[in-house]
Amino acid sequence: SGALAAPIEIIEERTICPSLGQDNIDQGFRSVLIRLVLVLVFMVVYYRVFGLVANMALVVNLVLIVAVLSILQATLTLPGIAGIVLTIGMAVDANVLIFERIREELRNGNSPQASIQAGYEKALSTIADANITTLIAAVVLLSFGTGPIKGFAVTLSIGILTSMFTAIM
């Protein structure tokens, strides 16, 4: 294009079928499922009953993400799947912070009810700080990114909001 015409000699031409993209998306879903199963098993083994509660929150978080994406009629792409995988890690991080605070309170001799209350109160500001800074980064990616970067930013933003909801509620 432009004012000067440049000669083009086609050396090779290939057509890639859409099944290649579908294979990548299938592998992405598999990675989400494998990550989810590994996290669920770890949480139950390490945190026992609290791990079960965290697992329920994690599953609700994933359902909420898919629900919001469905409402927005968003197409799930590989960058979107990457945003969901990152969200799983961040959601577990919030639960780990809360549970470690609860354990700390129990070691200090507080009652279970007081420990749970203090655990949530003390972990809330740390969880909010981490999620707000990540949300700011996602908004910047959404504002200045293109194509796949925006897809990643959208799923990450939705995931941050839903994980904050499930971790706190």
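List of remarks:
- Scanning the range 7-21 for residues that are modelled with pLDDT under 80 and either open to solvent by 80 Å² or more (accessible area, probe 1.4 Å) or part of a helix (DSSP H, G or I) (or both) yields P7, I8, R14, T15, I16, P18, S19, L20, G21.
- Per the listing N24, N61, the residue uniquely within 14 Å of the chain's Cα centre (by Cα), modelled with pLDDT of 75 or more and polar (S, T, N, Q) is N61.
- Residue within the range 100-117 that is among the hydrophobic types (A, V, I, L, M, F, W, C), open to solvent by 10 Å² or more (accessible area, probe 1.4 Å) and within 24 Å of V63 (Cα to Cα) present: no
- Single residue of the range 120-136 satisfying the filter (farther than 17 Å from A91 by Cβ and of a type outside the set (V, I, T)) that is most open to solvent (accessible area, probe 1.4 Å): E121
- The C-beta contact set for the range 77-93 (first residue assigned to a helix (DSSP H, G or I), second residue open to solvent by 50 Å² or more (accessible area, probe 1.4 Å) and of a type in the set (K, R), distance under 7 angstrom, 6+ apart or interchain) comprises V85/R35; I88/R35.
- Residue match in the range 74-95 (condition: open to solvent by 50 Å² or more (accessible area, probe 1.4 Å) and within 16 Å of T166 (Cβ to Cβ)): yes
- Residue within the range 28-46 that is closer than 21 Å to F152 by Cα, polar (S, T, N, Q) and at pLDDT below 80 present: no
- Qualifying residue in the range 55-67 (condition: in a helix (DSSP H, G or I) and more than 22 Å from L156 (Cβ to Cβ)): yes
The values are calculated or read from the model by the stated rules, or taken from the named source; none is laboratory data. Keep in mind it's a predicted model, so treat the numbers as computed, not measured. Glycine also receives a Cβ, built like all others from the backbone with ideal geometry; neighbour counts cover every protein chain displayed. Quick note on the areas: whole protein, heavy atoms, side chains included, nothing else; ligands and nucleic acids left out. Shrake-Rupley method; radii C 1.70, N 1.55, O 1.52, S 1.80 Å.
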